[in-house]
1. Among 353-365, 120-132, 98-110, 371-383, what's the highest-first ranking by average C-beta atoms within 10 angstrom per residue?
2. Evaluate the relative contact order of segment 98-231 (contact order divided by residue number), counting alpha-carbon pairs under 8 angstrom at least 6 apart; express in whole percent.
3. Hey, how many Å between the Cα centroid of segment 249-305 and the Cα centroid of segment 21-68?
4. Is there a quick way to get the dipole size of segment 108-180? I mean about its Cα centre, with the Cβ of Lys and Arg at +1 and of Asp and Glu at -1; what is the value in debye to the nearest 20?
5. By per-residue mean of other Cβ atoms within 10 Å, what is the highest-first order of 393-405, 207-219, 61-73, 228-240?
6. Translational D (Stokes-Einstein, µm²/s) of segment 165-308 at 25 °C and 0.890 mPa s when Rh comes from the Kirkwood sum over C-alpha pairs?
Amino acid sequence: MSLLAVGISHQTAPVALLEQVSMTGDDRVKALHELVDSDHVSEAMVLATCNRIEVFAEVDRFHGGVTDVSRVLARHAGTTVEELAPYVTVYYEDQAIGHLCTVAAGLDSMVVGETQVLGQLRAAYALAQEEGTVGRELHPIAQRALRVGKRVHAETGIDRAGASLVSVALDRVTSILGELAGRPVLVVGAGSMGALAATTLARRGAAVTISSRTPASAARLAETIGGHQADLDRLPQELAAADVLVTCTGAPGTVVGTEVVATALPQRAGRPLVVVDLALPRDVDPAVAGLPGVHVVDLAMLQGERAAHPGEPVAGSVAADDVAAAHALVELETSLLRAERQAAAVAPTVSALRSQAAEVVDAELLRLSTRLPDLDARARNEIARTVRRVVDKLLHEPTVRVKELASAPGGTDYADALRALFGLGIGVEGDTTTLSDAVALDSGLPAGTRLSALDLRIGDADVRPGGAA
């Protein structure tokens, strides 16, 4: 079994495609079960945020695993694997572990150092636990990634530079309108992102009104931040009064249509309206940006700014030392987990070798008893102890060394050699190609390979490196 990470993110795909593959809570549950019901996936976790959809899975074959996961993603996007392929990134084993930990630390986010993704990863792990799609392989990986994220935010200064996506968007609002203190702001959505937006706005002194498809949730949130609650059917009236609209619902379609905003504009007496759409898929009809006096800040804008300044965070400047310290922690924790996984991978080999040796000793002692039935008990026991000591001493060095070597790159090759030399025959049912086997066979497929660089032959679940992405 090996770890595979397959998905798309703001690093590879436009917001329009991220919208297309976005998943609601029910979608994620369905996807989890589709994944573990496929031929090659035994465990799965789906991380769905406003700028990524990624599947982390334990698979029995590299080729089959990539194909199975890609098919599920394509089905939920309403497209084909071939159409999705140019935007899909594949990580395997060590690189998949490192990627997940980097994501948890906020180092792969649109806003470097943001903390919200850590909560989203925690929720993804909890959902997979509830649905029974994580087991002994993914449990320690998810737990280590959460630990990495917490350590990075607690032990480095990346939090000081890494604002949340909400804060970055509101900074754009401030650049248009000026300070938000005292300004009326309407927040549509009372989920985790809505709560973050409302809390951030309240701290900046804005007069916040909360509206949601669930009025009770909106009322609770409004009470928490000292704001007001308004029903969604009052949207035109609230828009007429607000200077800023922030939307962040989990609705699958448009929540704020062009006609709703257009209806409110005559009552605004020419006052500008800034619309902040942080939902995926988008809550606000894109045509709203064409209305007079309306300024739209959305994920596409933030992604465009990042693309215009590659290598730079969207928000402010992140100290190089903070980023370096965060990456060092990620590398430390992932190397520890790598060593633990590799040690666990060779444990069955060590156990099988010792069991085989014990069986040989027992068989030979039985044979000795048959050939020398008159041997007294004391001599018999001494011979047995001597033979076992000899075997233990002969096995001590190779078993200790194979455990030590397992933590080094390619360390599991030593376990393979032991199995071959001693004819242990464990795990040899059918085609048991591991990711490391596949990588070797495929001439070193690089980490983070785009799926478009792979020749997908869906019929026989074969994946081979092809031309450049």
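Values quoted throughout were computed directly from the atomic coordinates according to the rules given, and no laboratory measurement underlies them. These numbers come from a predicted model, not from an experiment. Glycine also receives a Cβ, built like all others from the backbone with ideal geometry; neighbour counts cover every protein chain displayed.
1. Top of the packing list down: 98-110, 120-132, 353-365, 371-383.
2. Dividing the mean separation by the residue count of segment 98-231 yields 19 percent.
3. Spelled out, the Cα-based centre of one part sits 32 Å from the other.
4. In debye, rounded to 20, segment 108-180 gives about 260.
5. Averaged packing, sorted descending, gives the order 61-73, 207-219, 228-240, 393-405.
6. So the translational diffusion coefficient is about 166 µm²/s.
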